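The values are calculated or read from the model by the stated rules, or taken from the named source; none is laboratory data. Note that the coordinates shown come from a computational prediction; the quantities given were computed from them, not determined experimentally. Don't worry about glycine lacking a Cβ; one is built from the backbone with ideal geometry, like all the others, and counts go over all protein chains shown.
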Amino acid sequence: MYQFSRSIYRELAPHIAEDKPSTYCESNHLRVLRACEQSVERLMIDRRYFAYPTRTLFNDIRIYFSMADQELVYSVVDRYIEVADQFFAQLPDAVYTANGTPRRCHAMTRKSTACARQPLPSSDYCPSHQHLNETFSELEEAAPLAA
């Protein structure tokens with residue numbers, strides 16, 4: 001997973017603006033690296049709910065580059081995020097998250113607590129809550145019938 005974020009950072013590192021004296025302890029390089037790692041980790045863990053990973057990462061790191069480098073930064077981020085997304089799409093759904101904790105069903109119980117069961121491999125919901133896993137195509141098909 002970190003190969004993607006480190007590759008983005010290595011390609012962008014020469015273009016990062018110099019640090020200005022401030023009260024922050026972290027350098028601009030470290031902030032860019034952390035933003036890259038967080039975006040790639042979220043892309044791996046939460047692909048279904050991370051709508052615009054390229055735009056999110058670009059907006060997080062663009063302030064650390066000059067205006068002349070903005071197009072280069074966006075193209076690098078876009079290229080690597082697209083490759084990472086394709087790679088993560090080929091992986092089977094994991095039983096554990098990147099942190100090593102078991103995956104949990106995304107549904108809530110009648111008592112307003114999170115469901116404790118593990119979801120099915122191809123879903124975010126357990127067998128008891130599988131009915132919540134409707135796709136947009138199913139909803140579109142049902143919409144003309146209701147009208």
Per the list (1) out of contact with any helix residue (DSSP H, G or I) (no Cβ under 7 Å at 6 or more places or on another chain); (2) of a type in the set (Ser, Thr, Tyr); (3) at pLDDT 85 or above, residue check on residue 96 breaks on (3)
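Kindly establish whether residue 47 is free of Cβ contacts under 8 Å to residues at least 12 places away in the same chain and closer than 12 Å to residue 81 by Cα.
Details: free of Cβ contacts under 8 Å to residues at least 12 places away in the same chain: no; closer than 12 Å to residue 81 by Cα: yes.
No, not satisfied.
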Within the stretch 99-147, of all residues that are among the hydroxyl-bearing types (Ser, Thr, Tyr) and at pLDDT below 65, the one nearest to residue 42 (Cα to Cα) is 135
Considering the stretch 76-93, residues that are of a type in the set (D, E, K, R) and under 30 Å from residue 14 (Cα atoms), and then whichever is modelled with the lowest pLDDT, we arrive at 85
